[in-house]
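Okay, structure first, notes after.
The values are calculated or read from the model by the stated rules, or taken from the named source; none is laboratory data. Being a predicted model, the structure only gives us computed values, none of them experimental. Glycine also receives a Cβ, built like all others from the backbone with ideal geometry; neighbour counts cover every protein chain displayed. Just the protein is used for accessible areas: all its heavy atoms, side chains included, with ligands, DNA and RNA removed. Shrake-Rupley method; radii C 1.70, N 1.55, O 1.52, S 1.80 Å.
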Amino acid sequence: MAFRTRTAPTVGFDLDMTLIDSRPGIHACYVALSERTGTYVDADLAVTRLGPPLVEELAHWFPADEIAAVADLYREMYPSYAIRPTLVMPGAREAVAAVRGAGGRALVVTAKFEPNAKLHLAHLGIEPDAVVGDLWAEQKAVALREHGAQVYVGDHVGDVRGARAAGALSVAVASGPCDAEELRAAGADVVLAGLAEFPDWLAGYEDGEADGVAAARA
């Protein structure tokens with residue numbers, strides 16, 4: 001497959017550990033959740049495995065018949081505890097701006113509860129053209145196809161799977177829980193150290209450089 005384009009790109013981005021470093025906020029929310037429910041959650045451990053849906057993490061700490069209610073409580077508490085401490089990832093604003101500068105559209109497709117995802121983006125001044133939440137791994141392909149995304153950028157092997165299911169180019173950033181080797185093994189077409197490298201990569205992709213993918217993998 002030749003990954004080239006002569007049209008303005010539509011690029012999807014994951015959220016946690018791709019555009020934002022939500023670990024401080026999520027940590028604070030889990031600590032508060034433990035206090036509220038009386039059930040211990042190891043917040044230090046939980047923030048090392050961000051990416052999959054909330055219910056998968058809660059299953060480590062709560063009985064199955066309590067997970068749905070606890071997830072609702074967590075999402076309700078989230079704006080009070082998790083938005084303000086969350087940081088923007090290096091290069092995130094510039095990556096979105098690069099897509100816009102190329103005449104393209106930037107969208108966010110995330111497993112996070114969509115209203116909370118939008119709160120993060122508004123607080124950090126990141127303005128994508130669309131935000132779609134509550135989708136994980138291959139489910140992300142639904143939104144990517146709907147918006148015609150040619151590229152999907154994410155930090156997790158689940159993001160690679162989502163891109164591949166959508167027939168989009170998988171650009172992985174080794175800024176989250178999965179290292180570069182894991183991302184390549186999962187089938188990422190391009191692996192970057194972080195979003196700071198994305199504008200240069202996008203410029204080469206837009207120019208149709210035949211060696212763009214190989215260069216980014218080097």
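Think of each Lys and Arg Cβ as +1 and each Asp and Glu Cβ as -1; about the Cα centre, that makes the dipole of the chain roughly 460 debye.
Accessible surface computed residue by residue for segment 65-197, with neighbouring protein chains in place and a 1.4 Å probe, gives 42 Å² per residue. Would you work out if segment 116-213 is rounded, prolate or oblate? Take a ≥ b ≥ c from the square roots of the eigenvalues of the alpha-carbon gyration tensor; rounded if a/c is under 1.5, else prolate when a/b is larger than b/c, oblate otherwise. Rounded is the answer for segment 116-213, as its axis ratio a/c remains below 1.5. To the nearest ten degrees, helix 157-166 and the longest principal axis of the Cα atoms of the chain are 50 degrees apart.
Of the listed residues H27, H120, H60, the order by accessible area with a 1.4 Å probe, largest first, is H60, H27, H120.
Whole-Hz Karplus values for segment 22-28 come out as 8, 4, x, x, 5, 4, 4 Hz, taken residue by residue from phi with 6.51 cos²θ - 1.76 cosθ + 1.60 and θ = phi - 60°; glycine and proline positions read x.
Given an 8 Å cut-off on Cα distances and at least 6 residues of separation, report the relative contact order of the chain as a percent. Please report the intermediate quantities before stating the final value.
Details: 419 pairs, mean separation 57.8, N = 218.
Rounded, it is 26 percent for the chain.
How large a share of the accessible area of the chain, in percent, is made up of carbon and sulfur atoms when the probe is 1.4 Å and the other protein chains stay in place? On the chain, the fraction of accessible area on carbon and sulfur atoms equals 51 percent.
Over the chain, with a Gaussian network built from C-alpha contacts below 10 Å, which listed residue (D14, D134, D207) shows the highest mean-square fluctuation? In the Gaussian network model the winner is D207. Dividing the radius of gyration of the alpha carbons in the chain by their Kirkwood radius gives 0.98 for Rg/Rh.
Phi angles across segment 93-99 convert, under the Karplus curve 6.51 cos²θ - 1.76 cosθ + 1.60 with θ = phi - 60°, into 3J(HN,Hα) values of 5, 5, 5, 5, 5, 5, 5 Hz, Gly and Pro given as x.
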